[in-house]
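These notes concern the structure reproduced below.
The numbers here are math on the coordinates, done by the rules we state, and not lab data. Note that the structure is predicted; figures quoted are calculated from it, not measured. Methodologically, a virtual Cβ is constructed for each residue, glycine included, from the backbone with ideal geometry; neighbour enumeration extends over all protein chains shown.
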Amino acid sequence: MYSARVLISKSRSEDVLQTNQEGIMLSIAIFPCLFTGAAGIVGELSTALNLKVYTDAMILADMKKYYDIPVKDLDGILFGRLKKNSIAHIEKENYAKLLQHYLQYLQKKRNRNSLHYGLHTSLLTAHNGKIVKILITDTFAGRQQRGIKFEGLSEEEAAICIKRYDKKAHRWTQFLFQKAPYDESLYDLVLQNKKGDSTDITNKIRSFCKNWTYRNQTLPQPRLMAQSALFL
């Protein structure tokens, strides 16, 4: 089962300029949910659709080159725990705006479709071109078993990793949208990977993207200042 929050149209959108070898005329953004097999699905999609992959690590490493800000600082301020004072809030908002600007710059620079995977996908909007936002998830027990099977963790270790990661993701989406990270309203498509069949999930994404239209996309937008102090 999967749910979608956009109109599925049989006709292709005339406004989309770029196509890949399969005729999918948009970029794909997958929000990470730990131990759901999403990373493997990203690899399959990248190969099948000939899309360049961008992860959080890649994006932050590139930002370090452009803005001379250490990756550790970028990661900590953007995705770390927010201190309870106004200065820390402004700093986090400034860095989020900086990341958002960089993603827009990256899209204009490449001028082609891409596949994004990471927390940074929350900041991708229509300014980044036609992009479909996807969440791949599973039950807590399913994720826990995947952590045990594929990562060699104990039951307790897997549970701790999931809870720690979910808290990090929650801080990020709560800051941007005042919503939980796995709230379906944040995504065009939500898929449950209960069977662990990456090929099946990949095919569902490809099928969805072939018929997707951005015209009725009404996803929440990040709640950032109209203009950041970093750009004054």
Taking Rh as the Kirkwood radius computed over C-alpha pairs, what is the Stokes-Einstein D of the stretch 21-213 at 37 °C in a medium of viscosity 0.692 mPa s, expressed in µm² per second? 188 µm²/s
Among LYS72/LYS194; LYS52/LYS167; LYS52/LYS109; LYS52/LYS133; LYS83/LYS163; LYS163/LYS210, which pairs are too far apart, with a Cα-Cα distance over 23 Å? LYS72/LYS194; LYS52/LYS167; LYS163/LYS210
With +1 on the Cβ of every Lys and Arg and -1 on the Cβ of every Asp and Glu, and nothing else charged, how large is the dipole of the stretch 21-213 about its Cα centre, in debye rounded to the nearest 20? 440 debye
In terms of modelled amide H atoms, which long-range or inter-chain residues lie less than 5 Å from the amide H of ILE30? HIS116, TYR117, GLY118, ILE134
Whole-Hz ³J(HN,Hα) for each residue in the stretch 92-106, computed from phi via Karplus 6.51 cos²θ - 1.76 cosθ + 1.60 with θ = phi - 60°, x for glycine and proline: what do you get? 5, 5, 4, 5, 5, 5, 4, 5, 4, 5, 5, 5, 5, 4, 4
From the residues TYR187, ALA159, LEU135, which one has its Cα farthest along the dipole of the stretch 21-213 in the positive direction, the dipole being from +1 and -1 charges on Cβ of Lys/Arg and Asp/Glu about the Cα centre? TYR187
